[in-house]
Amino acid sequence: MAATNRPLANRILIGLVLGSVAGLATLLLGRTSPGALEFMRQVSTQVLDPVGQVFLRMLFFVVIPLVFASLAAGVVQLGRLDKLGPLAGRTFTLFFLNMSIGVALGLIMMNLLQPGGRLEPAAKERLLQEFGGAAQKHIANSATTPQMNLATLVEMFMPKNLFGAVVGHTNTTLGDVLPLILFAILVGAVGTQLAEEKRRKLQETLELVSELMTGIVHFALRLAPYAVPAMIYSVIVKIGVDILLALGVFALGCIAVLLLHLFGTMSLWLKFWTDRRPRDFFRDIRAVLITAFSTSSSNATLPAALDCARETLRFRPSVAGFVLPLGTTMNMSGTALYEGCVVLFVAQVFGIELSVAQQITLLLLAVLSAVAVAGIPGASLPLIAGLLATFNVPPEGIGIVLGVDRLLDMVRTMTNVGSDIVTTAVVDAQETRAEARAARR
């Protein structure tokens, strides 16, 4: 989220607070006047829920084209796959490792804290009744779910009817995102092999589609200051105060694990793969981290990051100029971590248990989704909805976390940018060692 959108973020947070306070006040009123509480529940169902649905449906509209266009464009922009060279190989390996570790930490935290599991059984039952077809169907069929094996993976990622799987069977459900992701990667990979002019046209077309879908997301976000209080009020008066407690634990857990990844995992990278002291390193990039935190925009922070990398940290310009701009659009460990946490949290809220194999699949998809949404403000919301649908979790559940999403955006952007600079440090050290080995031969 760019700095110019901070007033929108503030209005969303204010809406979250107002909706929560109003919901709590209604619950208190319901203790002395049950009829008033029941009336407001009816108002929520008939008036407030449709307002929230307008916002959510606009996000759902763009899931399929945005996933395809942004991920395919991200692959196409790499250029010729067979000419990326050792520098790119090291960079992309570290990108994938960084994001995978981040998501794994997030999933471990969610499994330990179980913030979504703090709801009382009665509250979960009301949630299932409210949002529930997909969740109830998943729970009912959990005993007959096929075990994860090679044949199951082939069926998940490569259905016989790609169009039918992606579009979905009814107008009330999202289609499967897994085969769409694979298809987008294949299109992007083949696109890199086209002649330069054709490759450029393909990339421009895909980026145009992404830009159009992002525009729709921005339209939706204009409704967020009104939809968020409506949705949180409706959930509170129908479910109770438990949902706020669970949301608070979720937000604190996310912040803790984001900071752990940035200052813990990245410190280990610096210690074992470079000659730099973590404490001194993070002191040197403090201004960049503050910029990322205050603007919530990796793109807005890139000039400061490049200046710090070249002038303060003294990275070689060729490495900083390659890794940092690419990392700004691809190395999104904070975003990937957050996406995995949201999916697991909402699944817990609805009482849906994801197996170890499903969580491993979630890890891989969160990494791919983070790459796909890189550089596209606000696009993570529809992609998270697509991940929820992939695991048979009601996508409407994203409305539960929407209010704190803006608050967590600052922390995960800081994690993204800090990880980019650390990755640049590691690549710079590896390049130096590789040149030294070549010189000795």
Original post:
Fully extended, how many nm does the chain gain between F263 and I360 (0.36 nm per residue separation, minus their Cα-Cα distance)?
Top reply: 32.5 nm
Original post:
Straight-line reach from K160: which aspartates and glutamates have a Cα under 20 Å away, not including same-chain ones fewer than 8 places off?
Top reply: D176
Subject >> Rounded to whole Hz, the Karplus (6.51, -1.76, 1.60) HN-Hα couplings of segment 221-228, x for glycine and proline >> reply: 5, 5, 7, 4, x, 9, 6, 4
Original post:
Picking from L244, M266, Q193, whose Cα lies most toward the positive end of the charge dipole for segment 170-284 (charges on Cβ: Lys, Arg +1; Asp, Glu -1)?
Top reply: M266
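Using r as the Cβ-Cβ distance of L112 and L29, and R0 as 35 Å, what FRET efficiency do you calculate, to the nearest 0.05? Don't skip to the answer; put the middle values down first.
Numbers: r = 37 Å, r/R0 = 1.05.
After rounding, the FRET efficiency stands at 0.40.
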Original post:
Is the shape of segment 184-234 best called rounded, prolate or oblate, per the rule: a/c under 1.5 gives rounded, else a/b larger than b/c gives prolate, else oblate, with a ≥ b ≥ c the square roots of the Cα gyration tensor eigenvalues?
Top reply: prolate
Original post:
Of the peptides 421-434, 198-211, how do they stack up when ordered by the mean number of other Cβ atoms within 10 Å, highest first?
Top reply: 421-434, 198-211
**OP:** Report the extension gain between R314 and A434 in nm, rounded to one decimal, defined as 0.36 nm multiplied by the number of residues separating them, less their alpha carbon distance.
**Re:** 41.4 nm
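Show me the trypsin sites (Lys or Arg not before Pro) within segment 220-314 that DSSP assigns to loop and that have at most 13 other Cβ atoms within 10 Å of their Cβ.
Details: sites: R222, K238, K271, R276, R279, R283, R286, R310, R314; in loops: R276, R314.
Taking segment 220-314 and a limit of 13 other Cβ atoms within 10 Å, the loop trypsin sites (Lys or Arg not before Pro) found are R314.
Would you mind calculating the gained length between R441 and I185 on full extension (0.36 nm times residue separation, minus the Cα-Cα distance), in nm to one decimal?
My answer for the length gained is 88.2 nm.
Between L208 and R57, what FRET efficiency follows from the Cβ-Cβ distance if R0 is 41 Å, with the result rounded to 0.05?
With a Förster radius of 41 Å, E is 0.95.
Values quoted throughout were computed directly from the atomic coordinates according to the rules given, and no laboratory measurement underlies them. None of the values given here were measured: they were computed from a predicted structure. Every residue, glycine as well, gets a Cβ built from its backbone with ideal geometry; the counts of neighbours run over all protein chains shown.
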